[in-house]
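Here's the structure we're looking at; comments come further down.
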Amino acid sequence: MHIRPFDFSEADYQAYAGVREAAHPEAPLDIAGAQHLDRTRSSSDVMARFLVEQSGQVVGVLEYATPYYDPRPGALEVRYHLRPEAQALEGALWAFLLEQLTPYAPHELLAQVRENWPEYRFFLEQGFAEVERRWESVLDLDHFDPTPFVRPLPPGLVLRPLSELPWQEEGFQRALYQLEIELLADVPSAEPITPWPFEVWQARTLSDPNLLPEGFFLALQGEQLVGVTMLFKSHRPQTLRTGLTGVRQSHRRQGLALALKLRAAEFAKTYGVRYIRTSNHQTNRPMLAINEALGFVKEPAAVLLHKELQS
Ligand SMILES: CC(C)(COP(=O)(O)OP(=O)(O)OC[C@H]1O[C@@H](n2cnc3c(N)ncnc32)[C@H](O)[C@@H]1OP(=O)(O)O)[C@@H](O)C(=O)NCCC(=O)NCCS
């Protein structure tokens, strides 16, 4: 086994995607998305990725980094994938990883895996414990009939796509950022999310190659943004991916989230895809109630694991 640093070339991203495809064909790597995440890392982030080779062939990938979506101090997120025929290398990879981590002295390691992946079992064997689970789920638009869900919007409220709003203006961007921060605080995650600073959010969200301003819907009352649901392009065939859906507390239980999701589904159909994917915390009853009613079908859960380390 030979471990070498990832060089961020197109060839290395292709090699990474090849490993991921062999290890988890149901969850292929979004190369453009991964490149965007890598490019928008902040300078204070820790980030190291390696390719694992055997007989000149790339058989694995290994990474440790500041958690992208929740960059809390002292925590590092670890990730590895191995081609099925190279699975026996996981012990050697773990030893290499621990040695690499020593200078950073993290007090916590995080990992995100699907419950049916071999990585899940391996991390548990290394002393990781579950923090929380999310359902990945898919709606097949070919078998979706919106008719039973359609209701009039509450008076004074309208739904508009981002493409029809002044989303290139900083004033509007700050209002959207505030809305997202407020809603993220209400997502029932096991630990409070550390929000990105505005400039980081601006670079990561608004220059995301998967951003689809025509499929990103806002609910407005006058000029005030009161709700959102967002569809992003996906590397999966025939698919759009849902980002955050949320409604301000003052406007909940008036059918707004449902109306936003219906509008997004209508857009997806017109856009020409068959599937909408989403991911929800298993404790998020309000959001799951809506998605279950619409007919989203659950896949194996995505599990967030953590391991405390002695500093
Ligand atoms: C989940 C959320 C978007 C729902 O928004 P909403 O506009 O209040 O939802 P709707 O009014 O469209 O609800 C439609 C139906 O969903 C179900 N539902 C919504 N909220 C519910 C709740 N708190 N408990 C149980 N069922 C709920 C109900 O069946 C409801 O219909 P009803 O009001 O006629 O009974 C909102 O609670 C929210 O913003 N939460 C915080 C952010 C979040 O967690 N987003 C999801 C992240 S993936």
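The values are calculated or read from the model by the stated rules, or taken from the named source; none is laboratory data. Predicted model only: the values in this text are computed from it and were never measured. Please note: Cβ atoms are built from the backbone with ideal geometry, for glycine as well, and neighbour counts cover all protein chains shown. Each accessible area value is taken on the protein alone, full model and side chains, heavy atoms only, with ligands, DNA and RNA left out. Shrake-Rupley method; radii C 1.70, N 1.55, O 1.52, S 1.80 Å.
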Q: Scan the range 301-311 for residues that are modelled with pLDDT of 95 or more and assigned to a loop (DSSP other than H, G, I, E, B) and jot them down.
A: A301
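Out of A48, A11, A22, report the one residue that is buried (at least 16 other Cβ atoms within 10 Å of the Cβ) and more than 19 Å from the chain's Cα centre (by Cα).
A22
Listed here are the residues, each with its yes/no results for (1) assigned to a loop (DSSP other than H, G, I, E, B); (2) under 14 Å from L159 (Cβ atoms); (3) outside the structural domain of L176 (by TED's automatic domain parsing).
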| position | (1), (2), (3) |
| --- | --- |
| L260 | no, yes, no |
| F267 | no, yes, no |
| T283 | yes, no, no |
| A289 | no, no, no |
| A293 | no, no, no |
**Q.** Set A302, A268: member being open to solvent by less than 30 Å² (accessible area, probe 1.4 Å) and within 15 Å of the ligand (Cβ to nearest atom)
**A.** A302
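This table checks each residue for (1) touching a residue at least 24 places away in the same chain (Cβ under 8 Å); (2) small (G, A, S); (3) more than 14 Å from the ligand (Cβ to nearest atom); (4) crowded, with 21+ Cβ neighbours inside 10 Å.
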site	(1), (2), (3), (4)
T242	yes, no, no, yes
S279	yes, yes, no, no
L288	yes, no, no, no
L294	yes, no, no, no
**Q.** Odd one out for L206, checked against (1) out of contact with any Phe, Trp or Tyr (no Cβ under 6 Å at 6 or more places or on another chain); (2) under 16 Å from P71 (Cα atoms); (3) touching a residue at least 12 places away in the same chain (Cβ under 8 Å)
**A.** (2)
Q: Keeping to the range 216-240, report how many residues are surrounded by 19 or more Cβ atoms within 10 Å (Cβ to Cβ) and within 16 Å of the ligand (Cβ to nearest atom).
A: 13
